[in-house]
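Peer 1: Dropping a structure here in structure tokens format, bear with me for questions.
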Amino acid sequence: MVTRAEILVLGLTAGVAGTLVGGLMLGIGLGLVVNGVHAAWVLVLPAAPVGGLIGYFLAKRLARQLES
């Protein structure tokens with residue numbers, strides 16, 4: 001059974017890690033696009049999905065721990 005503490009830690013960890021990674025990709029990418037490097041859209045466009053993938057992988061890890 002999943003405890004409330006495990007869900008809380010999962011949510012906090014996913015939120016912080018996803019925000020850091022996605023925010024850095026977005027900030028660096030937009031900074032480069034403003035300066036004329038249009039290839040930086042490769043960083044800007046997947047910023048949110050990459051941040052969400054971190055939460056997905058953390059949840060899979062928690063589910064794997066609960067199975068064993």
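The values are calculated or read from the model by the stated rules, or taken from the named source; none is laboratory data. Just so it is clear, the structure is predicted and the values come from calculations on it, not from any experiment. Quick reminder, even Gly has a Cβ in these numbers, built from the backbone with ideal geometry, and neighbours come from all protein chains shown. These area figures cover heavy atoms from the full protein model, side chains too; ligands, DNA and RNA do not enter into them. Shrake-Rupley method; radii C 1.70, N 1.55, O 1.52, S 1.80 Å.
Peer 1: Consider Val2 against the criteria (1) assigned to a helix (DSSP H, G or I); (2) open to solvent by 50 Å² or more (accessible area, probe 1.4 Å): it satisfies all of them except one. Which criterion is unmet?
Peer 2: (1)
Peer 1: Select from segment 45-68 the residues that are more than 30 Å from Met1 (Cβ to Cβ) and part of a helix (DSSP H, G or I) and write down the one among them that is nearest to the chain's Cα centre (by Cα). Working first, answer last.
Peer 2: Pass one, segment 45-68, residues more than 30 Å from Met1 (Cβ to Cβ): 45-50.
Subsequent filtering for residues that are part of a helix (DSSP H, G or I) retains 47-50.
Working: Ala47: 8, Ala48: 7, Pro49: 7, Val50: 5 Å.
It comes out as Val50.
Peer 1: Oh, and also: What single numbered condition from (1) farther than 21 Å from Val2 by Cβ; (2) within 13 Å of the chain's Cα centre (by Cα); (3) surrounded by 15 or more Cβ atoms within 10 Å (Cβ to Cβ) fails to hold for Leu30?
Peer 2: Among (1) farther than 21 Å from Val2 by Cβ; (2) within 13 Å of the chain's Cα centre (by Cα); (3) surrounded by 15 or more Cβ atoms within 10 Å (Cβ to Cβ), Leu30 violates only (2).
Peer 1: Only one residue in Val42, Val9 is without any contact (Cβ under 8 Å) to a residue 12 or more places away in the chain, of a type in the set (Val, Ile, Thr), surrounded by fewer than 15 Cβ atoms within 10 Å (Cβ to Cβ) and part of a helix (DSSP H, G or I). Which one?
Peer 2: Working: Val42 fails: without any contact (Cβ under 8 Å) to a residue 12 or more places away in the chain.
Of the residues listed, the single one that is without any contact (Cβ under 8 Å) to a residue 12 or more places away in the chain, of a type in the set (Val, Ile, Thr), surrounded by fewer than 15 Cβ atoms within 10 Å (Cβ to Cβ) and part of a helix (DSSP H, G or I) is Val9.
Peer 1: Quick one: in segment 45-68, which of the residues that are small (Gly, Ala, Ser) and open to solvent by 70 Å² or more (accessible area, probe 1.4 Å) is modelled with the highest pLDDT?
Peer 2: Here is the first cut: in segment 45-68, the residues small (Gly, Ala, Ser) are 47-48, 51-52, 55, 59, 63, 68.
Add one more test, that the residue is open to solvent by 70 Å² or more (accessible area, probe 1.4 Å), and what stays is 48, 68.
On the way: Ala48: 91, Ser68: 71.
Looking at residues that are small (Gly, Ala, Ser) and open to solvent by 70 Å² or more (accessible area, probe 1.4 Å), I get Ala48.
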